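Q: Next up is a structure, given as structure tokens.
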Amino acid sequence: MKKKILRIVSVLVLCLFITNISFAAESVQRDEASLDMDYLKNIMDMIKDLYKGQVTDEQLIEGAINGMFDTMDQYTEFFSSKEADSFFTNMDGSYVGIGVSISSQANDIYIGEVFRSSSAAKAGIIKGDIIVKVDGKSVEGKTSEEAAQLIRGKEGTKVNLEIKRAGHSELLNIEVERAQVRIDPVTYNVMGDIGYIKLDIFNSNSSISIAKTLIKMDDAKIEKLILDLRDNPGGEVSQVVKIAENFVPQGLITKLDFKSEAIKDEEYYSKNKKPKYKLVVLVNESSASASEILAGAIQDTGSGVLVGTKTYGKGKVQNLYPVLSLEAYKKYEQRFGTRIIDGYDLINNYDVSPSDDEIIGWTKITTGEYYTPKGRMIDGTGLQPDYYIENNYVENQVDIRSIETLSKQLKPTIGDKSIDVLNAEKILKFLGYNIEKPDMLFDSESAAAVCEFQKDKGFYSYGVLDFTTQQALNEEFQNNLLGYDKQMAKAIELLNN
């Protein structure tokens with residue numbers, strides 16, 4: 001409760017900066033504001049007097065800011081500096097690390113993906129490796145985020161990983177240098193005369209990645225395209241506009257309408273006189289924000305059709321602002337004779353860039369709404385697809401969305417632990433073979449199921465997950481997938497008609 005009350009401080013301070021009001025009105029407002037701030041200051045004094053623990057003014061102010069932004073819509077929030085770093089990593093599409101994604105399974109931390117050309121790839125780390133220790137510290141039982149914190153560090157420094165790898169009786173000791181890692185949000189493939197592009201998020205790399213992928217599609221003479229925006233939570237407006245220009249014909253893409261007169265409303269247009277692709281866009285209930293800007297523009301302009309389920313329905317726009325710390329606030333009031341909260345005001349009006357330790361955190365705040373080319377504002381309602389198709393993702397108690405294709409890098413045998421074992425067991429269970437509960441351990445149950453699969457395929461039946469068997473499992477999974485991914489099947493049907 002104390003946090004929600006104290007958070008009003010910053011609001012009132014901001015209200016004091018409003019100008020262009022008569023002197024009498026300013027005096028009344030100042031008197032009321034002074035009374036309110038005196039009231040809140042006394043609450044802070046009461047907390048410090050009664051609370052048996054350590055708390056500083058800075059902590060109380062940060063708590064106040066947090067609660068204030070919590071009272072607004074679900075998209076408005078306050079990030080501490082640490083939380084902001086994580087958010088910016090997602091949006092920037094790059095970070096300092098070794099170039100892997102990690103996940104946890106039971107008590108193990110395993111490598112889910114090794115990014116191409118990363119320092120991890122160069123050091124010989126492969127998908128499915130299990131991390132046992134980081135710089136001598138055990139990660140057993142830790143969360144993936146806790147393990148990631150140990151792996152991260154300054155660019156140019158090195159981290160030592162002790163790795164358990166299938167087929168190796170002893171741990172591998174691998175030293176990896178931390179470096180800039182670029183996150184590519186695009187995956188693609190070509191299915192005959194149809195191109196498929198999956199876009200995970202609209203980060204700073206998205207438009208460049210899409211452009212490079214479309215060049216490859218053009219080189220392959222692809223004119224039919226599936227753009228998969230399912231589970232894409234959105235991202236940067238600038239990125240979605242650049243991507244939309246590849247698909248939306250000449251005219252309006254979206255309009256942004258802001259509340260503050262200090263922020264200019266924006267209209268974004270495409271100059272594409274003749275879009276080249278026959279296009280189907282896949283959407284679902286988790287396609288949101290920037291995904292809906294793109295899907296809405298494509299639907300409104302008739303440049304493609306939407307297949308799937310109704311989208312999330314986020315028609316609001318957020319901006320990010322750095323919030324000065326209490327010390328910085330006092331410092332710059334003394335220097336410039338005015339009160340400044342927004343770090344951008346300091347930069348724009350006084351040509352002073354606050355240091356990292358002068359920023360208490362960042363606020364992501366809803367500042368406006370966007371509209372589709374036909375003037376639709378879809379907040380709370382979403383986009384209705386042109387072809388409503390629901391998917392059943394679960395078969396034989398396996399969620400097919402959780403299955404990844406096998407890497408064909410190792411040949412797990414009895415006693416080995418690997419992410420490939422987990423995915424092989426999921427595929428086998430999905431196909432109806434006797435697997436009680438998929439895990440990362442290749443045990444007698446796993447070997448028996450592999451034997452049966454190998455026998456059914458006419459292979460030598462010996463229960464080893466060799467490369468031929470892995471390839472066959474991948475193919476069986478893909479061949480059966482369209483029967484459950486009805487949205488994809490519908491997209492292919494529409495493009496072939």
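Q: Just tell me which lysines come within less than 19 Å, Cα to Cα, of K437; anything on the same chain fewer than 8 places away is out.
A: Straight-distance partners of K437: K417, K426, K429.
Q: I need the phi-derived Karplus couplings for region 416-424: 6.51 cos²θ - 1.76 cosθ + 1.60, θ = phi - 60°, integer Hz, Gly and Pro marked x.
A: Along region 416-424, the couplings run 7, 10, 6, 5, 5, 5, 4, 6, 4 Hz.
Q: Right, another one. Assign one of three labels to region 394-481, namely rounded, prolate or oblate, based on the Cα gyration tensor with a ≥ b ≥ c the square roots of its eigenvalues; rounded applies when a/c is under 1.5, prolate when it is not and a/b is larger than b/c, and oblate otherwise.
A: rounded
Q: Match the structure shown to one of the listed values (i) 19, 44, 31, 6, 0; (ii) 25, 52, 21, 3, 0; (iii) 26, 60, 15, 0 of P(r) over Cα pairs in 20 Å bins from 0, in percent, computed from it, and give that label.
A: Of the listed options (i) 19, 44, 31, 6, 0; (ii) 25, 52, 21, 3, 0; (iii) 26, 60, 15, 0, (i) comes from this structure.
Q: Run the numbers for E395 and K259: contour at 0.36 nm per residue of separation, minus the present Cα-Cα distance, in nm.
A: Fully extending the segment from E395 to K259 adds 44.2 nm.
Q: List residues of region 58-80, by number, whose backbone nitrogen lies under 17 Å from a label position 7 Å along Cα→C-beta of N349.
A: Flagged as within label range: none.
Q: Right, another one. So between D219 and A489, what do we pick up on full extension, going 0.36 nm a residue minus the alpha carbon distance?
A: Computed gain between D219 and A489 is 94.7 nm.
Q: Go through region 187-275 and name the trypsin sites (Lys or Arg not before Pro) that are in a DSSP coil and have 15 or fewer other Cβ atoms within 10 Å of their Cβ.
A: Counting only loop positions with at most 15 other Cβ atoms within 10 Å, the trypsin sites (Lys or Arg not before Pro) in region 187-275 are K221, K259, K264, K271, K273.
Q: Calculate the FRET efficiency for E58 and H168 from the Cβ-Cβ distance with a Förster distance of 41 Å, rounded to the nearest 0.05.
A: Calculated value: 0.25.
Q: Further, regarding this structure: Which shape class applies to region 252-396: rounded if a/c is under 1.5, otherwise prolate when a/b exceeds b/c and oblate if not, where a ≥ b ≥ c are the square roots of the Cα gyration tensor eigenvalues?
A: Verdict is prolate for region 252-396.
Q: May I pose another question? Output the pairs from K264/K316; K331/K364; K411/K455; K133/K158; K212/K314 with a Cα-Cα distance over 20 Å in this structure; if there are none, say none.
A: K331/K364; K212/K314
Q: Find how much the distance from F87 to T405 grows on full extension, using 0.36 nm per residue of separation minus their present alpha carbon separation; answer in nm with one decimal.
A: 111.6 nm
Q: Please give the FRET efficiency for Q478 paired with S101, using the beta carbon to beta carbon distance and R0 = 30 Å, rounded to the nearest 0.05.
A: The computed FRET efficiency comes out at 0.85.
Where a number appears in this text, it was derived from the coordinates with a stated rule and is not lab data. As the structure is a computational prediction, the values presented were derived from the model and not from experiment. FYI the Cβ positions are ideal-geometry reconstructions off the backbone, even for glycines, and counts take in every protein chain you see.
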